[in-house]
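Beneath this line is the structure, given in structure tokens, with notes to follow.
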Amino acid sequence: MWLDVYENFSELSKSDQLALFEAMKQDLFSDDPKKITELLNRIRESRFSSGLACVQCGSTSVKRNGKYRTRQRYLCKDYGKSFNDMTNTPFSGSRYPEKWVKYVELMVAGLTLPKIAERLKIHVSTAFYWRHKILNALSLQRFNQLEGIVESDETFFRESMKGREVTHREPKKRATKDEKRGISDLKIAVVVAQDRNGNSIARKAGTGRVKATEIDELIGEYIPKTAVLCTDTAKNYKKFAKIKGLVHEPINNSKKERVKKGIYHIQHVNSFHSHLKTWMRRFQGVATKFLDNYLYWFRWLELGKHLSLEKRVEHMLISACQKSSYNTVEMFRRA
């Protein structure tokens with residue numbers, strides 16, 4: 001009887017009480033249909049903010065074409081095919097459309113794939129593919145232009161060949177030490193740049209030390225010539241600054257220099273590195289082929305860290321649907 005359950009409830013720890021409450025809330029109080037309808041309306045308005053257009057060819061010669069499962073469909077007169085508000089988004093063709101809002105909520109909250117799969121009663125592989133469909137869609141959003149003082153430095157991750165046959169070296173178990181210490185061809189470089197307004201860029205480079213030309217390819221287009229580049233004394237950044245014609249303020253860490261002229265330092269980008277590494281540990285090694293996706297995800301979380309969970313969920317849903325994404329499960333399987 002429910003009285004017996006309530007009596008035993010007081011014997012649970014506070015964390016167990018909270019976990020039980022969340023489980024009951026999920027099972028008994030599903031997402032408000034009105035709330036989901038409002039989200040869909042916001043997604044539609046954001047996706048077609050410049051006017052209704054075909055998601056395949058961009059033509060504005062579009063007409064209504066009936067409804068399917070209460071969802072409005074449109075017909076492109078030029079392309080000759082129909083579409084709806086969710087066509088070419090991570091959510092199109094899903095067998096569980098009612099679970100996507102909750103999935104994004106759990107994803108923003110930072111739950112692991114097994115926990116998400118258990119909570120939503122879906123397979124772990126389904127949770128994995130949903131994650132990467134969303135992250136691939138988010139990656140279509142361009143980075144913001146950096147301005148003012150721009151700090152930049154690289155950080156390194158161990159190469160991970162998850163899901164692939166290792167042919168260029170001996171396979172390694174998790175937590176084993178690398179044969180080479182420091183920067184080597186066994187480490188994947190990630191170039192990070194951040195301005196003082198909180199705008200950031202984090203992109204995967206190659207293995208080992210990053211060349212100036214690589215830095216330019218990864219972040220060069222987002223740094224205007226009016227910016228001031230602040231880095232350590234590495235020669236690759238000195239050369240990159242020369243390529244871009246930037247004012248360069250190097251910080252000499254070997255001489256225990258932390259702040260130069262009272263304003264130039266790389267503490268923000270180093271803090272970004274630290275938070276990124278801490279956040280990445282929960283995934284117990286990210287496959288190198290998907291590393292960029294996780295970098296986009298972390299950057300997205302950092303930009304919205306001051307917002308409420310509800311606003312972050314709404315923002316992720318809308319951002320993931322703004323541009324047409326053609327990624328399918330088969331593409332991820334072949335990657």
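No lab work stands behind these numbers, since they all come straight from the coordinates. Predicted, not measured: the structure shown is a model, and the values here were computed from it. Virtual Cβ from ideal backbone geometry, glycine too; neighbours counted across all protein chains shown.
Points worth noting:
- Its alpha carbons give the range 197-246 an Rg and a Dmax of 10.7, 30 Å.
- Taking the centroid of alpha carbons for each part, the range 258-273 and the range 112-145 are 33 Å apart.
- Among 81, 34, a tally of other beta-carbon atoms within 10 Å of each Cβ gives an order, fewest to most, of 34, 81.
- If R0 equals 35 Å, the separation of the Cβ atoms of residue 197 and residue 48 corresponds to a calculated FRET efficiency of about 0.75.
- Spin-label model distance (nm) - residue 252 vs residue 71, 7 Å beyond Cα toward Cβ: 6.2 nm
- Residues residue 121 and residue 145, FRET efficiency given R0 of 51 Å [Cβ-Cβ distance, rounded to 0.05]: 0.75
- Label-to-label distance, residue 271 versus residue 41, with points set 7 angstrom from Cα along the beta-carbon direction: 3.9 nm.
- For the residue pairs 67/115; 77/99; 187/238; 34/204; 204/305; 242/289, the alpha carbons lie more than 29 Å apart in 67/115; 77/99; 34/204; 242/289.
- This ranking places 201, 188, 36 by how few other beta-carbon atoms lie within 10 Å of each, fewest first, which gives 36, 188, 201.
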